[in-house]
Protein chains: 2
Amino acid sequence: MLCVATVCAVALVPLTLSAADDSSPIFGVRIPAGYRRWELIAPSHEAGGFNELRGILGNPVAMQAYRDGTLPFPDGAVLAKLAWKREPSTEFEGAFVPGRATTVQIMVKDSKRYASTGGWGFGRFIDGRAVDRAQHETCFGCHQANVKDHDYVFTRFAQ
Amino acid sequence: MLCVATVCAVALVPLTLSAADDSSPIFGVRIPAGYRRWELIAPSHEAGGFNELRGILGNPVAMQAYRDGTLPFPDGAVLAKLAWKREPSTEFEGAFVPGRATTVQIMVKDSKRYASTGGWGFGRFIDGRAVDRAQHETCFGCHQANVKDHDYVFTRFAQ
């Protein structure tokens, strides 16, 4: 019976996340525990091919910085962008609501660890698994090109 | 000097909210303290004339009900819909972000107090002040016509 149990355990391995899957390439960022309960910084709508509704959430360190207007964000600030396909509501004409979840994207502020990318580590996840290295190579360049003056963060606090 | 102080106090009254302004007609619903820190249930997009992005938040009673799938919502559940004008991002092509705040809309579950409107009290606020009675007369009819089977609540939890 012990042998049977061992076989079962091995057979299950491919169904679970490996360490490589649940942390991002380059940055080693993981999806933080409890992030879905964080406060809303702002919603957004990504049109075009994305066609997504998004909710950008912040951990307590990030929210305090937003409310105080602190820039750059302090170490320990973490942002989570949750994205869903944007679908027409079947219950209210003209309204659009979240469909299936697409990505969860995480930014972690650690000015020493991520000194070469503005102090931010990035992680992009689909179904809980980090996407490939090539996608992570584009994160900082885009943030640097567009929002360098807001500590490389796109989202503003929606009062 | 006492007379001068009295005059000042009277002069300030028009600048503060009266009891009629900060609670809704018909329902007596007020904007709950601390609602901006509540968890996100879901974002939404209202197209057409509204052209708004919205974030619908829930108090702890409401969030527990959403996570447990409890219907009808228990007494004490409160939902807050925050709306902002939807504006194109100046920093990322194809993205839309919150502009100026437009309305805050509150639903309060109290099955006894609001028995004639599905157990829900409604409040619609602009700049912290409740809108007029005529607007509040339309709330329940619309919720009843469209989402009676979801305890009169449009918003679903975006996982």
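The values are calculated or read from the model by the stated rules, or taken from the named source; none is laboratory data. Owing to the predicted nature of the structure, the values given are computational and were not obtained by experimental measurement. Every residue, glycine among them, receives a Cβ derived from its backbone with ideal geometry; neighbour counts consider all protein chains shown. Surface accessibility is based on the protein's heavy atoms, side chains included, excluding ligands, DNA and RNA. Shrake-Rupley method; radii C 1.70, N 1.55, O 1.52, S 1.80 Å.
So, R0 is 35 Å and r is the distance between the beta-carbons of B:Asp21 and A:Thr70; what FRET efficiency does that work out to, to 0.05? All intermediate terms of the calculation are to be shown ahead of the outcome.
Details: r = 34 Å, r/R0 = 0.96.
It comes to 0.55.
If only the Cβ of Lys and Arg carry +1 and only the Cβ of Asp and Glu carry -1, the dipole of the protein assembly as shown around its Cα centre is close to 360 debye. Loop-located GluC sites (Glu not before Pro) in the range B:75-159 (DSSP state other than H, G, I, E, B) with a sparse environment of at most 10 neighbouring Cβ atoms within 10 Å: B:Glu93. Ranked by solvent-accessible area (1.4 Å probe, protein heavy atoms only, all chains present), the residues B:Val153, B:Val104 order from largest to smallest as B:Val104, B:Val153.
For the pair B:Val61 and B:Cys142, label points projected 7 Å from Cα toward Cβ lie 2.4 nm apart.
Computed from the C-beta positions of B:Ser116 and A:Asn51, the FRET efficiency with R₀ = 45 Å rounds to 0.65.
Per residue, the convex hull around the alpha carbon atoms of the protein assembly as shown comes to 216 Å³. Entry for the range B:45-102 at q = 0.12, 0.19, 0.24, 0.26 Å⁻¹: log10 I(q)/I(0) = -0.42, -0.73, -0.86, -0.92, Debye formula applied to identical alpha-carbon scatterers, no solvent contribution.
Remind me, what semi-axes does the range B:50-159 give for its equivalent ellipsoid, largest first in whole Å, using sqrt of 5 times each Cα gyration tensor eigenvalue? All intermediate terms of the calculation are to be shown ahead of the outcome.
Details: eigenvalues 142, 64, 28 Å².
Equivalent ellipsoid of the range B:50-159: 27, 18, 12 Å, largest first.
Partner shielding of A:47-56 amounts to 4, given as the average count of beta-carbon atoms from other chains within 10 Å of each residue beta-carbon. Distance between Cα centroids, the range A:76-116 to the range A:38-68: provide it in whole Å. Cα centroid of the range A:76-116 versus Cα centroid of the range A:38-68: 7 Å apart.
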